[in-house]
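The values are calculated or read from the model by the stated rules, or taken from the named source; none is laboratory data. Because the structure is a prediction, the values reported are computed rather than measured. So basically every Cβ, Gly included, is an ideal-geometry build from the backbone, and we count neighbours across all protein chains shown. The area values use the complete protein model at the heavy-atom level, side chains included, leaving out ligands, DNA and RNA. Shrake-Rupley method; radii C 1.70, N 1.55, O 1.52, S 1.80 Å.
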Amino acid sequence: MRKLGIYVQVPFCQTKCTYCNFHTGVVANSWYAPYVEAVCREIGLHRELLKAAGVEWPGGFGHPPRQTAPVQREGGTLGEELAVDTVYIGGGTPSLLDPAHLQNILNAIRAAFAADLVEVTLEADPETIEVGKAAAWAGMGINRVSFGLQSFSDKELIAAGRMHRRADIYRAAPMLREAGIRNISFDLIAGLPHQTKESWRRSLDELAVLAPEHVSTYLLEIDEGSRLGKELLQGGTKYSAGAVPSEDEMAEFYEMAQEALGAAGYHHYEISNWAKPGFESRHNLKYWRREPYLGLGAGAHSFSGTERWANAHDAAEYVSAVQGGRLPVEQHEKLTAESALEEELFLGLRQLDGIDIARIEQDYGVVLTGRFDPLASAGLVERTGSVVRLAPEKLSVSNEVFVELLR
């Protein structure tokens with residue numbers, strides 16, 4: 001039985017971080033209930049809405065239509081073909097929602113899909129955690145919380161426009177533990193304004209003390225989609241742009257994270273992700289393994305195995321469309337064999353286990369060996385039998401490797 005992942009996008013924040021290039025917004029909390037109602041409606045009507053939007057999902061998914069017999073197919077019924085085993089509620093800051101809103105979303109998923117949920121993740125900012133909220137999350141089946149803490153330095157957090165401070169991290173993490181949530185992930189960003197080698201080392205050390213089960217470390221993205229990125233590209237000084245570390249320093253910070261997290265017992269399983277044994281993100285692994293996932297909400301992306309599509313990013317447009325019985329699908333793409341192969345290569349290589357060339361050659365009817373020879377000669381990839389992986393010391397320049405590979 002194939003396992004379906006469900007992603008729910010909550011595009012609301014308390015404030016817009018200076019480095020953020022996501023389609024999120026700061027809105028009054030009166031927006032929350034209508035948005036959640038629209039998401040629940042999309043969940044319940046996903047079959048009809050996707051069909052009307054011209055999206056095909058091979059084999060179908062979800063429970064069989066009401067008042068009809070299950071459709072018999074090889075390997076089981078239609079409703080059994082794709083069982084939901086992971087849910088990821090991200091954003092934005094979904095921890096801003098009332099627990100009742102989150103409960104409604106999970107109830108709708110359980111009603112519409114064959115759900116055996118082994119991992120239910122909620123993204124949360126430290127300052128939004130409360131004892132009552134944490135207990136309610138655990139009670140409704142949320143068993144993993146991903147903290148967007150980014151840094152343990154108040155100076156860096158203030159410059160980045162974050163709402164929380166170092167003390168909030170130390171206050172919030174025990175609340176989750178006491179509520180019974182035993183799978184916690186911390187996010188760090190290498191390259192924030194005012195970050196130094198010493199402050200980055202302190203963040204890594206403090207993280208190790210709190211010992212989350214999972215860690216994601218990202219390099220600061222510099223593009224015009226964020227206020228800070230635009231200022232950097234224009235050579236300005238707003239948002240502490242002049243205090244952003246150089247690309248070489250960011251690469252050094254990443255390598256420091258590799259060393260420190262490895263020494264603290266974390267397994268480096270994907271370019272940006274480390275986990276204690278058994279705590280790899282089951283949901284995110286679906287993305288890198290090209291397994292099917294369904295995105296719900298404004299701006300959410302989906303993948304069926306043969307098609308990719310995304311909902312419109314504007315939350316008001318999304319709510320209006322769903323209330324009117326229409327799904328505002330955009331960026332709808334039916335994958336060609338060539339684009340699917342490219343995805344196999346660069347998504348597969350993001351995983352430190354690498355890719356099995358023999359398997360891909362057989363699946364796609366291609367010969368790949370020669371494509372990796374120049375990269376191997378340059379020390380950018382390593383090959384063991386039919387498995388190719390990025391060289392551990394070259395992970396900080398992985399984007400350059402991908403560009404060369406896909407030329």
P277 surrounded by fewer than 18 Cβ atoms within 10 Å (Cβ to Cβ) and either more than 30 Å from G44 (Cβ to Cβ) or at pLDDT below 95 (or both) = yes
Complete set of residues in the stretch 193-207 that are open to solvent by 30 Å² or more (accessible area, probe 1.4 Å) and more than 11 Å from F152 (Cβ to Cβ) = H194, T196, K197, E198
Residue check, A167 small (G, A, S), free of Cβ contacts under 8 Å to residues at least 12 places away in the same chain, assigned to a helix (DSSP H, G or I) and out of contact with any Pro (no Cβ under 6 Å at 6 or more places or on another chain) | yes
Polar (S, T, N, Q), over 19 Å from S281 (Cα atoms), surrounded by 15 or more Cβ atoms within 10 Å (Cβ to Cβ) and at pLDDT 95 or above - does that describe any residue in the stretch 70-92?
-> no
Can you pull out the residues in the stretch 280-307 that are out of contact with any Lys or Arg (no Cβ under 8 Å at 6 or more places or on another chain), surrounded by fewer than 20 Cβ atoms within 10 Å (Cβ to Cβ) and assigned to a loop (DSSP other than H, G, I, E, B)?
-> E280, R289, R290
Just give me the residues in the stretch 178-191 being open to solvent by 30 Å² or more (accessible area, probe 1.4 Å) and over 12 Å from E130 (Cα atoms), in sequence order.
-> G180, R182
Residue hits (the stretch 119-159; part of a helix (DSSP H, G or I), open to solvent by 30 Å² or more (accessible area, probe 1.4 Å) and more than 26 Å from D85 (Cβ to Cβ)) are E127, V131, G132, D154, K155, I158
Does any residue in the stretch 185-213 that is within 18 Å of H268 (Cα to Cα) come within less than 7 Å, Cβ to Cβ, of a residue that is part of a helix (DSSP H, G or I) and of a type outside the set (A, V, I, L, M, F, W, C) six or more places away or on a different chain, and which pairs are these?
-> L188/S203; A190/Y254
Looking only at the stretch 394-405, which residues are surrounded by 12 or more Cβ atoms within 10 Å (Cβ to Cβ) and not acidic (D, E)?
-> K394, L395, S396, V397, S398, V401, F402, L405
Evaluation of A100 against (1) modelled with pLDDT of 90 or more; (2) closer than 22 Å to R326 by Cβ (one fails), failing number | (2)
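Working only within the stretch 203-237, note down all residues that are among the aliphatic types (A, V, I, L, M) and under 18 Å from the mean Cα position of the chain (by Cα).
Once the filter is applied, which keeps residues that are among the aliphatic types (A, V, I, L, M) and under 18 Å from the mean Cα position of the chain (by Cα), the stretch 203-237 yields V215, L219, L220.
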Boolean, Y239 is of a type in the set (S, T, Y), open to solvent by 40 Å² or more (accessible area, probe 1.4 Å), at pLDDT below 95 and not in a loop (DSSP other than H, G, I, E, B) = yes
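Would you please name the residue that is modelled with the highest pLDDT, looking only at residues in the stretch 105-118 that are open to solvent by less than 30 Å² (accessible area, probe 1.4 Å) and of a type in the set (G, A, S)?
A108
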